[in-house]
Amino acid sequence: MDPFKDKETFIATFRQRIEKKYAIPYDESSLRQKYQVLGEMVQDKIGENWLSTRKAYREKQPKQVYYFSMEFLMGRLITNNINNLGLRPLIESACEALDLDLNALEHYEADAGLGNGGLGRLAACFLDSIASLKLPGHGNGIRYRYGLFEQEIENGYQVEKPDDWLKDQYVWEVRADEDALDIPFGGYTSFVYGRADYRPDELIRAIPYDIPIVGDKNGVVNVLRLWSAEPTKVVPKDVNKLDYDTEIRRISGFLYPDDTTHEGKVLRIKQQYFFSAAGVRSLLYKHYAAYKRFDNLPDLCVFQINDTHPSLIIPEMMRIMVDEYRTDWDVAWDITTKTCAYTNHTILAEALEKWPVDIFQPVLPRIYQIIEEINKRYCQTLIETYENDQEKVRKLAIIADNQIRMAHLAIVGSFSVNGVAALHTNIIKTIEMVDFNALYPGKFNNKTNGITHRRWLEHTNPELSAILDEVTTAWRQNPDALEQFKPKATTKKYQEKVAAMKRQKKQALADRIEAEQGIKLNVDSIFDIQVKRLHEYKRQLMNALHIMMLYNRLKRDPQFKKSFVPHSFIFGAKAASGYHYAKKIIKLINTIADKVNNDMETNTHIQVVFVENYNVTYAEQIMPACDLSEQISTASKEASGTGNMKFMMNGGLTIGTLDGANVEIAERVGEAHIFLFGLTSDEVNDLNRRGGYNPRDIIESDADIAEVIDQLVNGFFETVDGDAFREIHTRLLERDEYYVLKDLPAYRSAHERANAYYKDPAAWFESCIINIAMSGYFSSDRTIRQYAEEIWDIKPLD
């Protein structure tokens with residue numbers, strides 16, 4: 001009998017399964033036990049659709065996409081699965097009858113520690129959209145034992161604690177020992193009769209764990225396959241078994257280990273090859289077993305390389321076909337380059353990975369030989385194309401200056417290279433990768449990122465969803481239908497409804513912040529929010545300096561204070577564990593918060609909060625509560641951003657630069673409904689090219705900016721040593737690489753416009769409604785349709 005047949009059947013089954021599983025009366029069961037049983041019941045329901053989907057794929061043999069990514073920031077799957085199965089109304093009703101809080105059950109589940117920021121959340125949105133559009137597509141990544149880290153703030157500093165997200169059984173995963181593989185590292189290669197004979201000196205067992213990805217009420221269940229590193233049964237001689245086991249498990253131990261050391265770089269290389277090789281081997285072995293050939297692989301598979309981390313897919317495919325199946329090199333290369341596609345997510349040099357040959361080669365000797373051969377043949381083409389222009393060849397080579405350039409490998413080995421916003425793609429094609437674009441006409445294309453409206457609107461904001469349903473329910477299946485809300489923007493009725501929704505969401509966030517951090521926010525203030533990974537180019541520092549400027553002005557200008565709408569600045573960010581400067585910025589923000597929040601003259605007008613351990617679940621509460629969304633990266637540096645889209649979809653107005661997807665947001669809402677400021681990407685690139693920018697010129701021309709820069713080191717902050725922020729002071733004056741001071745005057749002016757605009761509720765909430773109505777374009781459903789039609793050539797399951 002289906003336990004979800006009706007409320008009564010569910011209640012009876014739920015109670016029985018708890019009592020049977022734990023051998024205790026239902027009334028004595030804990031929240032953990034109730035969560036576990038609910039998850040198992042939902043997983044059983046998923047299993048029916050999972051089986052039928054697998055059968056359909058087996059019978060119809062459709063072309064399928066495999067999305068390789070180092071990160072999948074999935075959030076709590078219990079919520080996603082209940083919603084997409086259409087079970088929420090029934091389970092909510094049953095929980096009410098059981099006097100059980102469904103939200104408490106959902107919040108028991110830990111956020112899966114499989115990602116860090118936008119890259120991982122994008123991948124999760126994409127998997128949701130692929131399944132919800134009935135497309136045949138799956139994810140491939142690493143099952144990290146620990147997530148990035150749990151962040152605590154101690155004395156204003158970030159402290160990293162282990163993110164032990166797997167301490168309880170993860171109810172959604174299925175271990176698939178039958179598909180386990182041994183992945184080789186180290187050793188040497190000899191050649192026998194012209195054939196490579198690779199002899200590794202260590203093998204690591206790759207164990208797959210499958211997580212179902214449930215489509216939205218359509219019966220489709222795809223798979224996220226995550227690989228866990230375990231020791232093989234054979235331990236090398238003269239090695240301590242416990243130490244060996246620990247070392248092996250580090251490969252899937254932590255997301256993004258610190259790679260500032262030699263050991264850290266080796267571990268990163270091992271991680272990237274581990275999951276790339278495991279995924280590719282599994283798929284190619286099964287393909288050959290089914291078809292006894294590889295020439296039809298591009299007709300049945302696409303391997304999407306999400307950022308450069310999985311680029312080793314390309315040489316691994318070549319190794320398998322050439323070494324194991326004795327495929328001719330040119331034939332294997334043709335198959336590889338028709339199967340792989342690459343998404344570029346950044347133009348930052350630090351993120352376009354380059355591995356030193358002397359570190360890479362000993363770890364992956366055979367893979368290095370294959371990359372050398374790819375590079376040799378490719379460089380011969382370059383020599384012919386550019387008439388022996390050695391500098392051009394060096395610039396475009398995969399291996400040069402004793403480094404392996406992973407982005408170059410991904411470009412050369414893929415049939416498609418896409419950027420993730422119109423501006424980003426234009427920069428790639430015309431500046432950063434202009435020579436590659438000329439070399440491979442038609443290969444570069446744009447696919448502007450998107451977010452799943454199912455999680456970021458339907459789930460996170462049922463109050464707004466109910467308002468939208470009064471106009472049309474079509475948006476739930478077709479997000480473009482949100483545009484039908486636009487005519488309501490000038491109506492008092494809907495302005496008041498959206499205002500009431502916004503206040504309710506602000507109150508909920510304020511309650512949480514007060515409960516967890518003891519800071520009571522004024523819900524009538526502007527909630528100004530910047531939540532994202534901490535990086536210099538994202539310019540949390542500029543936000544912090546502006547708060548100092550506001551504070552100073554409020555202290556000395558009674559007229560300004562009288563006209564100023566109270567403002568609550570909310571930050572959330574994690575800095576990479578080895579990123580010292582980013583951690584110093586967190587300390588500065590918390591030091592500013594301590595001073596501002598405790599000053600009785602100003603704390604009724606500005607407050608500052610840095611929320612601890614910002615993650616997907618916290619974001620679900622933060623996004624709907626936002627009035628002003630801070631998207632202030634240095635123009636040309638943010639590839640796209642997706643937080644900007646989540647805020648927009650929930651009625652937050654953007655204050656931002658013309659960077660990433662902000663450009664496309666501005667195009668859709670109109671410049672009257674967004675607060676733009678600052679240098680354009682062309683201006684930034686021109687400054688970078690010709691030089692001549694001197695941050696001290698800004699100091700000399702603007703007394704308010706000069707004052708806050710001096711306050712960093714003059715004892716203004718009584719709770720820290722006078723040199724605590726000396727490094728920030730010095731870097732701003734001597735380098736200001738990301739033009740913080742250059743854009744600060746324009747940023748100040750944009751804030752003044754926003755503060756004045758908020759005084760007119762009709763105008764403000766008209767803009768809110770327009771942002772909501774025009775956000776449908778930024779659904780990941782649109783993005784995935786474009787990938788499916790223009791890159792992957794895959795069709796929905798009938």
Could you please state, rounded to a whole Å, how far the C-alpha centre of region 372-421 is from the C-alpha centre of region 438-474? 35
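If you average 1/r over all unlike Cα pairs in region 101-232 and invert the result, what Kirkwood radius do you get in angstrom? Before the final figure, lay out the partial values.
Details: mean 1/r = 0.0560 Å⁻¹.
With all distinct Cα pairs of region 101-232 included, I get 17.9 Å.
With Cβ to Cβ distances under 12 Å as the rule, what net charge do the other residues near Asn103 carry (K, R +1; D, E -1)?
Values: positive: Arg76, Arg88; negative: Glu92, Glu96, Asp101, Glu106, Glu109, Glu620.
Residues near Asn103 contribute -4 overall.
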Heavy-atom accessible area ranking, 1.4 Å probe, most first, across Thr472, Thr448: Thr472, Thr448
Please work out, to two decimal places, the log10 of the ratio I(q)/I(0) at q = 0.12, 0.23 Å⁻¹ from a Debye calculation in which every Cα of region 70-133 carries one identical scatterer. -0.37, -0.96
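Of the accessible area of region 374-464, with the probe set at 1.4 angstrom, what percent is carbon plus sulfur?
So the carbon and sulfur contribution to the accessible surface is 49 percent.
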If ligands, DNA and RNA are left out, what is the accessible area of His580 with a 1.4 Å probe, given in Å² to the nearest 10? 110
In whole angstrom, and with the biggest value first, how far do the Cα coordinates of region 731-798 range along each principal axis? 58, 43, 12
Extension gain from Tyr581 to Glu19, taking 0.36 nm per residue of separation minus the Cα-Cα distance: 197.0 nm
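Could you rank the peptides 36-49, 11-24 by their average count of other C-beta atoms within 10 Å per residue, with the highest value first? Don't jump to the answer; show the numbers that get you there.
Values: 36-49: 18.5, 11-24: 15.2.
Top of the packing list down: 36-49, 11-24.
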Based on the Cβ-Cβ distance of Ala12 and Asn103, what FRET efficiency does E = 1/(1 + (r/R0)^6) give at R0 = 30 Å, to the nearest 0.05? 0.85
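Relative contact order (percent) for the chain, with alpha-carbon contacts under 8 angstrom and 6 or more residues of separation?
Working: 1388 pairs, mean separation 104.3, N = 798.
Across the chain, relative contact order equals 13 percent.
Give, as a single signed number, the net charge of other residues whose beta carbon lies under 11 Å from the beta carbon of Arg689, with Lys and Arg counted +1 and Asp and Glu -1.
On the way: positive: Arg690; negative: Asp682, Glu683, Asp686.
Summing Lys and Arg as +1 and Asp and Glu as -1 gives -2.
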Packing-based order for 476-485, 739-748, using average beta carbon neighbours within 10 Å, highest first: 739-748, 476-485
In whole angstrom, largest first, the equivalent ellipsoid semi-axes that the Cα gyration tensor gives for the chain are 42, 35, 26
Length gain on complete extension for the stretch Glu96 to Asp793, per 0.36 nm per residue less the alpha carbon to alpha carbon distance? 246.3 nm
If each K or R counts +1 and each D or E counts -1, the residues other than Phe560 whose Cβ falls under 11 Å of its Cβ total +3
At 7 Å along Cα-to-Cβ for each site, give me the label-to-label distance between Thr719 and Lys555 in nm. 1.5
Based on the inverse mean of 1/r over its pairs of different Cα atoms, what is the Kirkwood hydrodynamic radius of region 619-729, in Å? 16.5
Quick one: length gained pulling Tyr325 to Gln380 fully straight, 0.36 nm per residue minus the C-alpha distance? 17.2 nm
Could you state the principal axis extents of the C-alpha atoms in region 429-515, from the largest down, to the nearest angstrom? 55, 37, 24
Solvent-accessible surface (1.4 angstrom probe) belonging to Asp258, in square angstrom, nearest 10: 70
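Taking only the alpha-carbon atoms of region 1-158, what semi-axes of the equivalent ellipsoid follow from 5 times the gyration tensor eigenvalues under a square root, in whole Å, largest first?
Working: eigenvalues 174, 131, 33 Å².
Equivalent-ellipsoid dimensions as semi-axes: 30, 26, 13 Å.
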Dipole magnitude of region 624-672, debye to nearest 20 (Cβ charges: Lys/Arg +1, Asp/Glu -1, about Cα centre): 120
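With each run of n ≥ 4 DSSP H residues scored as -39500 (n - 2.57), what mean residue ellipticity at 222 nm is computed for the chain after dividing by its residue count and rounding to the nearest 500 deg cm²/dmol?
Details: 32 runs with 375 residues, N = 798.
Helices in the chain give a 222 nm mean residue ellipticity of -14500 deg cm²/dmol.
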Short to long, in 10 Å steps from zero, the percent of alpha-carbon pairs of region 346-463 per bin is 12, 36, 28, 14, 7, 3, 0
Heavy atoms of Trp172 accessible to a 1.4 Å probe, total area in Å² rounded to 10: 0
Rolling a 1.4 Å sphere over the protein heavy atoms, what is the accessible area per residue of the chain, to the nearest Å²? 38
Rg followed by Dmax, in Å, when region 538-607 is reduced to its Cα trace: 13.4, 45
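The values are calculated or read from the model by the stated rules, or taken from the named source; none is laboratory data. Given the structure is predicted, the values throughout are model-derived calculations rather than measurements. Cβ atoms come from the backbone with ideal geometry, glycine included; neighbour counts cover every protein chain shown. Each accessible area value is taken on the protein alone, full model and side chains, heavy atoms only, with ligands, DNA and RNA left out. Shrake-Rupley method; radii C 1.70, N 1.55, O 1.52, S 1.80 Å.
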